[in-house]
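First comes the structure, then the notes that go with it.
Read-outs throughout are calculated quantities, based only on the coordinates presented, and are distinct from any laboratory measurement. Just so it is clear, the model here is predicted, and its values are computed rather than measured. Please note: Cβ atoms are built from the backbone with ideal geometry, for glycine as well, and neighbour counts cover all protein chains shown.
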Amino acid sequence: MSNATLQTLKNRRAIRSFDNKQIKSEDLNTILEAARYSPSARNGQPWHFTVIQNEDLLKAMNKDGKEGAIKTAPDFMREKMQADNFSFWHGAPTVIITSGSDENRFAAADCAIANYSMMLAAEALGLGSCWINSGLMLFEGSKGSVYKERLSIPSGYTPLYSVALGYINGDKPAAPERKTDVITYFK
């Protein structure tokens with residue numbers, strides 16, 4: 001495949017092991033610009049991005065998120081979360097939380113597109129990324145409102161998605177086989 005955009009789409013993988021080296025500011029800004037330029041219904045741009053690069057804050061979020069999530073998580077996740085070294089964000093040095101406007105009925109879809117745009121930009125820059133929803137169980141627990149305030153998530157916005165970003169620790173996983181029976185044509 002010779003098209004660079006299509007190659008980036010095919011090469012992107014969910015990375016679950018990150019080096020602790022922080023990503024460059026210029027790369028972070030490029031990733032955030034990709035998010036801001038994502039398409040949105042009626043150009044509503046119903047998003048807010050919270051960038052977390054503070055290791056102590058990420059550890060606290062992980063700890064408090066585990067406490068709440070263990071009660072409601074599916075069995076397979078609950079077992080993983082009980083491990084001492086469990087990290088929702090797989091040890092990534094940068095986490096971006098994508099929050100959507102409660103007033104925009106298309107916010108969930110628009111924010112999902114923005115989240116994916118960040119992942120594609122990361123791939124194009126040689127960085128790893130992983131879409132993480134489970135870490136946001138933090139906001140559903142007893143400390144959810146405390147963290148919304150601590151992270152300056154605007155009033156009227158709900159954390160919807162997050163993406164872990166960083167340099168890949170080890171080899172990039174191989175691509176899983178793709179289903180071929182998922183398209184129906186009417187010509």
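Listed values, structure above:
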read-out	value
Mean separation of Cα contacts under 8 Å, 6 or more apart, over the residue count of the chain: relative contact order %	35
Filtered trypsin sites (Lys or Arg not before Pro), the range 75-135: DSSP coil and at most 13 other beta carbons within 10 Å	105
In the chain, lysine pairs with alpha-carbon atoms under 19 angstrom apart (chain gap of 8 or more, or interchain)	16
Residues 76, 186, 106 arranged by fewest to most Cβ contacts within 10 Å	186, 76, 106
47, 131 arranged by Cβ crowding within 10 Å, fewest neighbours leading	131, 47
Structure-based [θ]222 nm, the chain - -39500 (n - 2.57) summed over DSSP H runs of at least 4, per residue, nearest 500	-11500 deg cm²/dmol
Residue exposure sequence - 130, 111 - by fewest surrounding Cβ within 10 Å	130, 111
Dipole magnitude (debye, nearest 20) for the chain, charges at Cβ of Lys, Arg, Asp, Glu	360
Cα gyration tensor, the range 146-185 - rounded (a/c under 1.5), prolate or oblate	oblate
Peptides ranked, highest mean first, by Cβ atoms within 10 Å: ranges 169-178, 140-149, 89-98	89-98, 140-149, 169-178
